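Visitor: Starting off with a structure, shown below.
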């Protein structure tokens with residue numbers, strides 16, 4: 001048995017002092033074939049210093065072996081030694097049989113350094129040298145996918161499928177295509193590819209992605225079926241509960257939606273979206289007390305969420321709890337939020353509290369962004385009429401009537417104002 005083999009056995013037995021002794025003996029006594037195998041095993045196990053020792057010894061015996069130089073570059077990358085990594089990579093000459101591999105290592109490193117364009121240049125250079133190499137097509141597809149260039153990525157993934165590469169490095173090419181097409185909005189192609197991915201491997205991730213695609217397509221029956229499979233396969237897959245509950249809510253099954261919210265809270269008590277869906281389901285049932293509780297719990301977990309603030313303020317205003325609504329919204333207003341719905345809700349609450357100056361201010365601020373909303377225009381017009389602003393009321397109402405000419409009530413108001 002070689003010293004290299006004995007060393008690996010010592011490492012696996014956690015006899016590290018013995019492993020260090022055997023490393024020295026392996027370097028002195030083992031043949032090159034054993035040492036090359038030892039390099040690969042040590043690197044895979046994460047013993048970088050020991051790997052470097054063996055590589056350094058072999059370089060003295062084989063100074064022209066660029067594969068060893070590449071290994072030193074990869075060690076430097078793992079250790080975060082940027083200068084050493086680039087120095088080693090630059091030592092691999094374009095005439096070397098390892099040059100394409102050095103380009104791939106460089107591309108991967110540039111991507112970790114958040115320099116995707118440089119990474120792409122390296123991969124395209126490699127592709128010119130080896131145009132039929134699927135590893136390069138996959139690397140380009142992955143780089144473009146993670147860089148948000150999904151249409152470009154699709155071309156490389158489809159090339160891999162054409163060449164019958166259905167999976168690469170544990171990644172389903174069908175799954176990648178399904179995700180990419182889904183992101184660019186081509187849901188039909190996305191669903192076709194993701195169904196193929198599920199056929200090949202019914203993984204939790206594939207089932208969830210397929211369910212999400214059907215959810216986007218508003219096929220809530222199918223999405224619910226798939227999300228339930230995800231939940232059965234892995235109950236701790238927390239992302240599924242929000243969409244599953246929303247799917248039931250879209251099918252007017254509030255009871256099941258609330259049941260899913262409670263199941264989801266068991267695994268993730270801090271997800272504000274679960275509480276938000278719980279509030280929606282409770283409102284649909286007419287249970288405003290539970291809805292309010294859910295909204296407050298959601299805001300406790302995500303206090304910066306403006307949408308939650310608006311939903312809760314709507315509920316409080318409907319219940320004529322105007323001071324509570326204003327207290328809630330004033331936090332956002334003081335923080336400089338410029339949301340038209342926030343201004344409108346505040347205007348309604350101030351008006352109901354007879355704080356007409358603040359109400360007028362908020363209506364004016366909402367107007368620029370909501371002047372094409374007939375619901376807002378009518379509400380604002382009513383405020384102006386009650387506030388005694390005849391000219392403002394008439395002007396706004398006429399604008400409203402261009403959108404809602406059949407609103408005879410407002411038309412009569414305008415006629416009456418213009419008569420006097």
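The values are calculated or read from the model by the stated rules, or taken from the named source; none is laboratory data. Because the structure is predicted, anything quoted here is derived from the model rather than measured. So basically every Cβ, Gly included, is an ideal-geometry build from the backbone, and we count neighbours across all protein chains shown.
Visitor: Going through the range 338-360 one residue at a time, which ones are more than 21 Å from residue 375 (Cβ to Cβ) and under 31 Å from the mean Cα position of the chain (by Cα)?
Guide: Listed by number, the list is empty, since nothing qualifies.
Visitor: Go through the range 158-174 residue by residue and tally those that are part of a helix (DSSP H, G or I) and touching a strand residue (DSSP E or B) at 6+ places or on another chain (Cβ under 9 Å).
Guide: 3
Visitor: Here's something else I'd like to know. Residue pairs, Cβ under 8 Å, 6 or more apart or interchain, first in the range 328-354 and within 14 Å of residue 312 (Cβ to Cβ), second assigned to a loop (DSSP other than H, G, I, E, B). List them.
Guide: Between residues of the range 328-354 that are within 14 Å of residue 312 (Cβ to Cβ) and residues that are assigned to a loop (DSSP other than H, G, I, E, B), the close pairs are 332/339.
Visitor: In the range 266-292, which residues are in a helix (DSSP H, G or I) and free of Cβ contacts under 8 Å to residues at least 12 places away in the same chain?
Guide: Scanning the range 266-292 gives 266, 289.
Visitor: Restricting to the range 20-33, name every residue that is in contact (Cβ under 8 Å) with a residue 24 or more places away in the chain, assigned to a helix (DSSP H, G or I) and surrounded by 16 or more Cβ atoms within 10 Å (Cβ to Cβ).
Guide: Within the range 20-33, 23, 26, 27 meet the criteria.
Visitor: To continue, here is another question. If residue 389 satisfies every condition in (1) surrounded by 14 or more Cβ atoms within 10 Å (Cβ to Cβ); (2) at pLDDT below 95; (3) in contact with a helix residue (DSSP H, G or I) (Cβ under 8 Å, 6 or more places away or on another chain); (4) within 25 Å of residue 411 (Cα to Cα) but one, which is the exception?
Guide: Of (1) surrounded by 14 or more Cβ atoms within 10 Å (Cβ to Cβ); (2) at pLDDT below 95; (3) in contact with a helix residue (DSSP H, G or I) (Cβ under 8 Å, 6 or more places away or on another chain); (4) within 25 Å of residue 411 (Cα to Cα), only one is false for residue 389: (3).
Visitor: Looking only at the range 302-323, count every residue that is outside any loop (DSSP other than H, G, I, E, B) and surrounded by fewer than 16 Cβ atoms within 10 Å (Cβ to Cβ) and tell me the total. Write out each step before concluding.
Guide: Filtering the range 302-323 for residues outside any loop (DSSP other than H, G, I, E, B) gives 306-318, 322-323.
Remaining after also requiring surrounded by fewer than 16 Cβ atoms within 10 Å (Cβ to Cβ): 306-307, 318, 323.
Summing the residues that are outside any loop (DSSP other than H, G, I, E, B) and surrounded by fewer than 16 Cβ atoms within 10 Å (Cβ to Cβ) in the range 302-323 gives 4.
Visitor: Okay, next question. So which residues in the range 366-379 are within 14 Å of residue 348 (Cα to Cα) and free of Cβ contacts under 8 Å to residues at least 24 places away in the same chain? Even if it seems obvious, please write down each step before you answer.
Guide: Start the filter on the range 366-379 by keeping residues that are within 14 Å of residue 348 (Cα to Cα), which leaves 366-367, 375-379.
Of everything in the range 366-379, those that are within 14 Å of residue 348 (Cα to Cα) and free of Cβ contacts under 8 Å to residues at least 24 places away in the same chain turn out to be 367, 375.
Visitor: Mind checking which residues of the range 9-32 are under 12 Å from residue 53 (Cβ atoms) and out of contact with any helix residue (DSSP H, G or I) (no Cβ under 7 Å at 6 or more places or on another chain)?
Guide: 20, 24, 28
Visitor: In contact with a helix residue (DSSP H, G or I) (Cβ under 6 Å, 6 or more places away or on another chain), under 20 Å from residue 306 (Cα atoms) and modelled with pLDDT under 95: does that describe residue 333?
Guide: no
Visitor: Can you tell me which residue within the range 232-253, out of those that are surrounded by fewer than 20 Cβ atoms within 10 Å (Cβ to Cβ) and part of a helix (DSSP H, G or I), is nearest to the chain's Cα centre (by Cα)?
Guide: The qualifying residue nearest to the chain's Cα centre (by Cα) is 239.
Visitor: Looking only at the range 11-37, which residues are within 43 Å of the chain's Cα centre (by Cα) and over 12 Å from residue 57 (Cα atoms)?
Guide: First, the residues of the range 11-37 that are within 43 Å of the chain's Cα centre (by Cα): 11-14, 16, 36-37.
11, 12, 13, 14, 16, 37 - these are the residues of the range 11-37 that are within 43 Å of the chain's Cα centre (by Cα) and over 12 Å from residue 57 (Cα atoms).
Visitor: Among the residues of the range 384-407, how many are over 20 Å from residue 373 (Cβ atoms) and either in a helix (DSSP H, G or I) or within 46 Å of the chain's Cα centre (by Cα) (or both)?
Guide: Selection size over the range 384-407: 2.
Visitor: Just checking, does the range 199-207 include any residue being part of a helix (DSSP H, G or I), within 20 Å of residue 161 (Cα to Cα), free of Cβ contacts under 8 Å to residues at least 40 places away in the same chain and under 21 Å from the mean Cα position of the chain (by Cα)?
Guide: Yes, the range 199-207 contains at least one residue that is part of a helix (DSSP H, G or I), within 20 Å of residue 161 (Cα to Cα), free of Cβ contacts under 8 Å to residues at least 40 places away in the same chain and under 21 Å from the mean Cα position of the chain (by Cα).
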